[in-house]
Amino acid sequence: MIRPLIRMELKGMRIYKTFLTVNLLIMPLALLFMMIMNSGSRTPEDISYLVSGFIVVSLVSSFLGTLTNRVSNIFEPSVLELYSTLPPKISTVVLAQFLTYSLMVIPQVLIGLTVILYYQGVSRINVPLLVLALLLTFLELGALAVAIGARIGNPYKAMAVTGILPWLFVVFSPAYYRSSFPALYLNPVTHLLLCVRSAIGLQEISPIPWLVSGALTVIFTAFAIRNVGSSYMLEKPF
């Protein structure tokens, strides 16, 4: 059931292919290109620091925003009424959306990792830890997107939220600058950045960001499950 739903999501988004291409590929890669072109006076560690920030920020701005908008569209009353006549559960549809947009943002993540690999070298990268950090990032941001989208249930209101929330996450995190200001640790993106950077050898490995990110993933997932499971249409619970 998941595979047909993913194909249906991809076919349904053909009308927005230009928007998705620009938002998920061209804009992130243009930002990465400008960062590299202006890195002449920086060390390989500085460049890797910026590119690791680019990876997490691009996921926040593209993956989180796009998934939130799509989930909010599913939970619009008229769309829920349509799904009440179809066999798949709404939770399965949401899972398919999460997997679809996870696949769509993987290319920009791989390109960023290739740049880091070029500057850092293989020896400094803890590959299993890096895979775990990226998986945690996808799960945490995806769960947050589903929780917000299902709660709002209106794509127009969701656009307002996704226009502000990623900006706050990016500005108040050490994505593109070095800072240990205590208030930044209230931002969940800060801990995700620390997980990724510790995996590529830019910072010491500490259990705190991993525990915080894991706990937030569980909390966001619980909210997402509750919001998805509390939707009703035509007396049919989803």
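Computed from the coordinates by the stated procedures, all read-outs in this text should not be read as laboratory data. Please read all numbers here as calculations on a predicted model, not as lab measurements. Counting neighbours? That spans all protein chains shown, and the Cβs are built from the backbone with ideal geometry, glycine included.
Here are some notes:
- Counting only residues that are in contact (Cβ under 8 Å) with a residue 24 or more places away in the chain, outside any helix (DSSP H, G or I) and either among the aliphatic types (A, V, I, L, M) or in contact with a helix residue (DSSP H, G or I) (Cβ under 7 Å, 6 or more places away or on another chain) (or both), the stretch 174-188 holds 3 of them.
- Residue within the stretch 195-218 that is in contact (Cβ under 8 Å) with a residue 60 or more places away in the chain and under 27 Å from Asn73 (Cα atoms) present: yes
- Unmet requirement for Ala158, which otherwise passes all of (1) surrounded by 21 or more Cβ atoms within 10 Å (Cβ to Cβ); (2) among the small types (Gly, Ala, Ser); (3) at positive phi: (3)
- Condition met for Asn73 (assigned to a helix (DSSP H, G or I) and within 13 Å of the chain's Cα centre (by Cα)): no
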